[in-house]
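Here is the structure we will look at.
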Amino acid sequence: MPKYIFVTGGVVSSVGKGIVTAAIGRILKSRGLSVTVQKLDPYLNVDPGTMSPYQHGEVFVTADGTETDLDLGHYERFLDVSLTRSSSVSTGQIYQSVLGKERRGDYLGGTIQPIPHVTNEIKGCIRAVGRESGADVVLIEVGGTVGDIEGQPFLEAIRQMRKEEGRHDTLSVHVTLLPYLGASGELKTKPTQHSVRELRSMGVLPDVIICRSDRPVKSELKAKISLFCDVESRGVISLLTMPSIYEVPLVLEEEGLGDYILELLRVSDTERDLDDWRELVARLQHPTDEVTVAVVGKYVELHDAYLSVKEALIHAGVHYNTAVQIRWVQSELLEQGDLSSLDGVQGIIVPGGFGERGVEGKIQAARLARTQKIPYLGLCLGLQVMVIEAARAALQSEEPNSTEFAPETPHPVISLLSEQEGVTQKGATMRLGCYPCRLVPGTRAHEAYGVDDIEERHRHRYEFNNAYRDVLAKAGLIASGLSPDGQLVEVCEMQDHPFMVGSQFHPEFQSRPLRPHPLFREFIGAVAAYAGQGESEGSEETAKIVSDVTSAAASGS
Ligand code: GLN
């Protein structure tokens, strides 16, 4: 039987529950336990697939093609696991299922109520993930903040589960914020006290309170929280805001959280191995080089929209002991041909995206990368704009386009597969999740992966149009990865270029801190080489200026 750890949040949203949940998972995994994670999202959407990035940040796609909350990305990265559909539950799904049962008559004429029907459905989902995964510990993060109306059925389900599963098989962790008041120069505990009171009023008593703060928490303050919130002093854990999220497992472990959780859950402490993680953090903290990469997108003021891309760049950077600075470039700014916002970057990424806004700017970025031989990595839409740009150059026309942006284009180099025509429903109608891909020997992509067959995660509707394969290959843009039947182009690359690779899939979802993704790793390798080249050119130039000035001085002119 698995043990269940419930993580709730209080005081403010975005307090870092997702990272804390992922970090607890890593700590338990380092103790030799098998761990899985589930996110319970209180919103009414069935999944976040149709939500705007402004509302929700990135949509993370699991291997089985579920469109999920970005916290699942944190879980996968920290735990190095591949999660499934059952790890992502929303109120919308719960109601969909309950109402489906009601229509089928499964409730035998009963009156359907939040308690017990909705709470039973929630408990069923929680237990299912435990059963399916066979994990020793299931971590359940409840989205939103304690006190939200829509979160109440989840808290009630947790209360019931704690009673049914028993105290030693369940644990409640509450994450809060200690705000700092500049005027009095103190961290305040009152919001935490209120939040815990609210949680207790729902019948959920916390065992651990994790206090996030921007200043160190003194032991007297911890004692006060312990007293007022009725939590053992060992259960009050302070979490100072860290420069990198990857430091969080080490901080929590230092605070004694791992030992305390195992004790409460009556798990005998076996091994403890965070060495690889410690090394990761040490490398992150002490880079020897730095490069700048532009990410050209539509939602650049909102970095969460490209969270997995950002993390994948960090992972690849760590591999080379290099800090990757991201320059977020608004694609619409490039549309008038002013590319100055790309000045000085050593690599360009065009990430995924939907809709016409800013696409021409992304095509400009691809043009700059191709003609100036700047390393380029295209992710899904990034591959599509790379193909459009190459086709425009090859056909000497500005007409080639994707039918997503120009349905009537005479050169639909990116288009829908014929069987997709006529799909009108928006939710979950894309090519989603893992598909196999065979790499072409002798290509950069094959060299990067070092294997023939790969599986990568997709989330798109449009595809490379095979009618243009030959003409583009003649222009130097070759297919370097295909579906096993050879029908779908999954990876493309530009020949005679240091690194210009695009994938129809999203490699960023499979990058892990200790296992950077091969395409990101090779991309950053090329970026570092490009930067090094620039440096030596730069230093030659500087050397020449210095020698000119020196000889001028020597000749007395
Ligand atoms: N809009 C493009 C498509 O649907 C690309 C999607 C993406 O980048 N994820 O095919």
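The values are calculated or read from the model by the stated rules, or taken from the named source; none is laboratory data. These figures come from a predicted structure and were not determined experimentally. For neighbour counting, all protein chains shown are included, and Cβ atoms are generated from backbone atoms with ideal geometry for every residue, glycine included. Surface accessibility is based on the protein's heavy atoms, side chains included, excluding ligands, DNA and RNA. Shrake-Rupley method; radii C 1.70, N 1.55, O 1.52, S 1.80 Å.
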Over all alpha-carbon pairs of the stretch 245-292, lay out the pair-distance distribution in 10 Å bins, whole %, shortest bin first. 22, 42, 24, 9, 4
Only Lys, Arg (+1) and Asp, Glu (-1) charged, at Cβ; the chain dipole about Cα centre in debye: 1500
What does the C-alpha gyration tensor say about the overall shape of the stretch 157-196? Classify as rounded when a/c is under 1.5, otherwise prolate if a/b is larger than b/c, or oblate. prolate
Please compute the per residue accessible area over the chain with all protein chains in place, 1.4 Å probe, rounded to a whole number of Å². 43
Which ³J(HN,Hα) values in Hz, rounded to whole numbers, follow from the phi angles of the stretch 23-35 under the Karplus curve 6.51 cos²θ - 1.76 cosθ + 1.60, where θ = phi - 60° and Gly and Pro get x? 5, 4, x, 5, 4, 5, 5, 5, 8, x, 8, 8, 10
Note: the chain, point scatterers on Cα, Debye, no solvent; log10 I/I(0) at q = 0.08, 0.10, 0.11, 0.12 Å⁻¹ equals -0.60, -0.89, -1.04, -1.17
On the accessible surface of the chain, probed at 1.4 Å, how many percent belong to carbon and sulfur atoms? 50
Give the long-range amide H neighbours of His460: residues separated by 5 or more places, or on another chain, with amide H under 5 Å away, using H modelled in the peptide plane at 1.01 Å from N. Arg431
Along the charge dipole of the stretch 206-258, pointing to its positive end and built from +1/-1 on Cβ of Lys, Arg, Asp and Glu, which listed residue (Gly256, Ser244, Leu227) has its Cα farthest out? Leu227
Below 19 Å, Cα to Cα, which lysines can Lys163 reach? Residues fewer than 8 away in the same chain don't count. Lys3, Lys123
Compute the helix-to-body angle for 359-372: its Cα long axis versus the longest principal axis of the chain, expressed 0 to 90° and rounded to tens. 50
Add +1 for every Lys or Arg and -1 for every Asp or Glu among the other residues with Cβ under 12 Å from the Cβ of Leu472, and state the total. 0
Amide H proximity to Thr443 below 5 Å, modelled H, separation 5+ or other chain, gives none
So which lysines pass the test for Lys373, namely a Cα distance under 28 Å, with those fewer than 8 places away in the same chain ruled out? Lys298, Lys310, Lys362, Lys474, Lys544
Compare the Cα positions of Ile454, Ala526, Val61 along the charge dipole of the chain (+1 at Cβ of Lys, Arg; -1 at Cβ of Asp, Glu; about the Cα centre) and return the one farthest towards the positive end. Val61
Could you size up the charge dipole of the stretch 249-375 around its Cα centre, putting +1 on the beta carbon of Lys and Arg and -1 on that of Asp and Glu, and report it in debye to the nearest 20? 880
What is the distance in Å between the Cα centres of the stretch 381-412 and the stretch 458-479? 10
Rounded to whole Hz, the Karplus (6.51, -1.76, 1.60) HN-Hα couplings of the stretch 223-230, x for glycine and proline: 4, 5, 4, 4, 5, 6, 9, 6
About the Cα centre, and with charges only on the beta carbon of Lys, Arg (+1) and Asp, Glu (-1), how big is the dipole of the stretch 1-66? Nearest 20 debye, please. 460
For the stretch 110-121, 3J(HN,Hα) per residue [Karplus equation, 6.51 cos²θ - 1.76 cosθ + 1.60, θ = phi - 60°, Hz, x = Gly/Pro]: x, 7, 8, 10, x, 10, x, 5, 5, 5, 5, 5
Expected 222 nm ellipticity per residue - DSSP helices of 4 or more, -39500 (n - 2.57), all of the chain, to 500: -12000 deg cm²/dmol
Be a star and scan the stretch 237-279 for residues whose amide nitrogen sits under 13 Å from the point 7 Å along the Cα-to-Cβ vector of Ser226. 237-238, 256
